[in-house]
Amino acid sequence: MKDAKNYVDKHQQRFLNELIDLLKIPSISADKSYRDDVFNTADAVAERLKEAGCDTVKVCETPGYPIVYGEKIIDKNLPTILVYGHYDVQPPDPLNLWDSAPFEPVIKKTDLHPEGAIFARGACDDKGQMYMHVKALEYMTQNDDLPCNVKFMIEGEEEVGSENLGWFISRNQTKLANDVILISDTGMIAKDTPSITTGLRGLSYVEVEVTGPNRDLHSGLYGGAVANPINVLTKMIASLHDEDNHITIPGFYDDVEELSADERNKMAEAPFLLENYQKALDIESVYGEAGYSTNERNSIRPTLDVNGIWGGYIGEGAKTVIASKAFAKISMRLVPDQDWKKITDLFKNHFESIAPKGVRVKVTPHHGGQAYVTPIDHIGYKAAEKAYEKTFGKTPIPQRSGGSIPIVSLFEKELNSKTILMGFGLDSDAIHSPNEHFGVWNFLKGIETIPHFYHEFTKLKSEEK
Ligand code: BES
Ligand code: MN
Ligand code: MN
């Protein structure tokens, strides 16, 4: 391989400016009023892929937001890498907690990022990380250093469950054929501690509605005599965990993959300082399932969390009222071997069964997906390991993540390929939160590391034959 670092150093200012332009478009997939912006972002990504050297680029329509497809095929006999990423972003709310406007990117120095970090919604998740791949391709095509074929599939609905990506994949299996899938949409342990994400959790997301009386009531005239949906809902939710913080839904743990003591010991070797973890979050203590460490609780164990809860009067002052309805949004993070549809059914049946007389309960499933594990003996993992060794001078640590990219398990099912997760974000990047940012150093290091993956993978693949 030639010198990617030199090229990245030389062009870094332009790379940053281009990313900033992309971050200015508010491609919020969850909010219909940003529809045009989401479409415009797809066009912008397509344009960038063309400039970076793709031969064919297409903005593929779906029943929802388009999928940007691009490819550069240099030789049918060489391996093909399929790069996946997403150009949509989470809503920026609450806006008042941002120090600068979410769609007016600024580069600011922080303690962790003396070289600067780009502050904007999507800076890390996932425009910044996706764009590393576009610039890595530019480097390889401009310097005659592309060793294999590459396909890009960049979608606009990841943050809302990737509903139409499954639709797209099942219709384009031949077009999407590949030897390995490469994604940068996760994180690493620290700037000086590279890691490769080897697991993603599954997800089941549901909304619940508890209905009591047919209208909001005076809480003096009726209080105590009819079921209060908010009281009932909170009680029902509280009952979903026992005193050890185990989830109480019957059958919930039936299929959970149990790791061997050996595997758990290996996991515990990853560098982790509980004190720093607590300090970064301003908490005096961690909290969670008895019998498991913090790193286990947020990666190899399933969870159930309320993401939002509402009902009744929340305006200024006091209003004495018993609401007719109460609502909550609940997510369950799942681990290997748990089936998200089965878990969704278990939740629905259980939640309906624990409703007391006097209320009606409705459970509406949203989206979901299966957990995923990358085998570390796969040549894609080995290639990634070598790539990090080249640019970080250290062997990356395999680490399971608590987050979800539900589509990854579908890739395996529909395209029959494994996914390698080379994330360059940090936990402190505040993805989905106010003041999301991405270190300039991380961005450039990613662009430099990715071409090494292409070369190492091509080499290992040819040795395999
Ligand atoms: N990039 C994240 C997932 C992620 C982040 C995985 C960091 C591992 C480490 C992705 O965009 C995301 O936010 N996924 C959602 C699920 C989706 C169905 C909305 C999630 O994990 O909440
Ligand atoms: Mn993402
Ligand atoms: Mn996300």
How big, in percent, is the set of alpha carbon pairs in the chain lying more than 45 Å apart?
-> 14
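Could you report the chain's accessible area per residue, 1.4 Å probe, as an integer in Å²?
45
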Solution diffusion estimate, µm²/s, Stokes-Einstein, the stretch 136-273, Kirkwood Rh from C-alpha pairs, 25 °C, viscosity 0.890 mPa s = 112
If you take the beta carbon distance between residue 319 and residue 31 as r and set R0 to 45 Å, what does 1/(1 + (r/R0)^6) give as a FRET efficiency, to the nearest 0.05?
-> 0.95
So for the stretch 75-224, Kirkwood radius off the Cα pairs, Stokes-Einstein at 25 °C and 0.890 mPa s: how many µm² s⁻¹?
-> 125
Carbon + sulfur, % of accessible area of the chain - ligands and nucleic acids excluded, 1.4 Å | 49
Would you calculate, for the chain, the mean residue ellipticity at 222 nm contributed by helices, counting each DSSP H stretch of 4 or more residues as -39,500 (n - 2.57) and dividing by all residues, to the nearest 500?
-> -10500 deg cm²/dmol
Determine the order of 141, 391, 234 by accessible area, beginning with the largest, at a probe radius of 1.4 Å.
-> 234, 141, 391
Leaving ligands, DNA and RNA out of it, work out the accessible area of residue 314 with a 1.4 Å probe and give it in Å² to the nearest 10.
-> 150
Net charge (Lys, Arg +1; Asp, Glu -1) of residues whose beta-carbon lies under 13 Å from that of residue 299, residue 299 excluded, is +2
Give, to the nearest whole percent, the P(r) tail of the stretch 312-465 beyond 28 angstrom, counting all Cα pairs.
-> 46
Sort 287, 222 from largest to smallest accessible area, using a 1.4 Å probe on the heavy atoms of the protein chains.
-> 287, 222
How about the stretch 313-344: which trypsin sites (Lys or Arg not before Pro) there lie in a loop by DSSP and see at most 15 other Cβ atoms within 10 Å?
-> 319
Any chance you could look up the accessible area of residue 218 with a 1.4 Å probe, heavy atoms only, rounded to 10 Å²?
-> 90
Sticking with the crude label model, points 7 Å out along Cα→Cβ, report the distance from residue 235 to residue 189 in nm, one decimal please.
-> 4.7
Whether the stretch 392-465 is rounded, prolate or oblate, judged on the alpha carbon gyration tensor where a/c under 1.5 counts as rounded = oblate
Rounded to 0.05, the calculated FRET efficiency for the beta carbons of residue 173 and residue 13 at R₀ = 30 Å is 0.15
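Quick one: length gained pulling residue 75 to residue 357 fully straight, 0.36 nm per residue minus the C-alpha distance? Write out the running numbers ahead of the final one.
On the way: separation 282, 0.36 × 282 = 101.52 nm, distance 6.77 nm.
Result for the pair: 94.8 nm of gain on full extension.
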Evaluate E = 1/(1 + (r/R0)^6) for residue 163 and residue 218, where r is the Cβ-Cβ distance and R0 equals 45 Å; express this FRET efficiency to the nearest 0.05.
-> 0.55
Peptides 82-89, 455-462 ordered by average Cβ neighbours within 10 Å, highest first | 82-89, 455-462
Can you list residues whose amide H is under 5 Å from residue 74's amide H, if they're 5+ apart or on another chain and H is modeled 1.01 Å from N?
-> 149, 150
Can you pick out the pairs among 135/342; 108/461; 50/418 whose Cα atoms lie more than 32 Å from each other?
-> 135/342; 108/461
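The values are calculated or read from the model by the stated rules, or taken from the named source; none is laboratory data. Bear in mind that the values here come from a model prediction, so they are computed numbers and not experimental data. For neighbour counting, all protein chains shown are included, and Cβ atoms are generated from backbone atoms with ideal geometry for every residue, glycine included. Quick note on the areas: whole protein, heavy atoms, side chains included, nothing else; ligands and nucleic acids left out. Shrake-Rupley method; radii C 1.70, N 1.55, O 1.52, S 1.80 Å.
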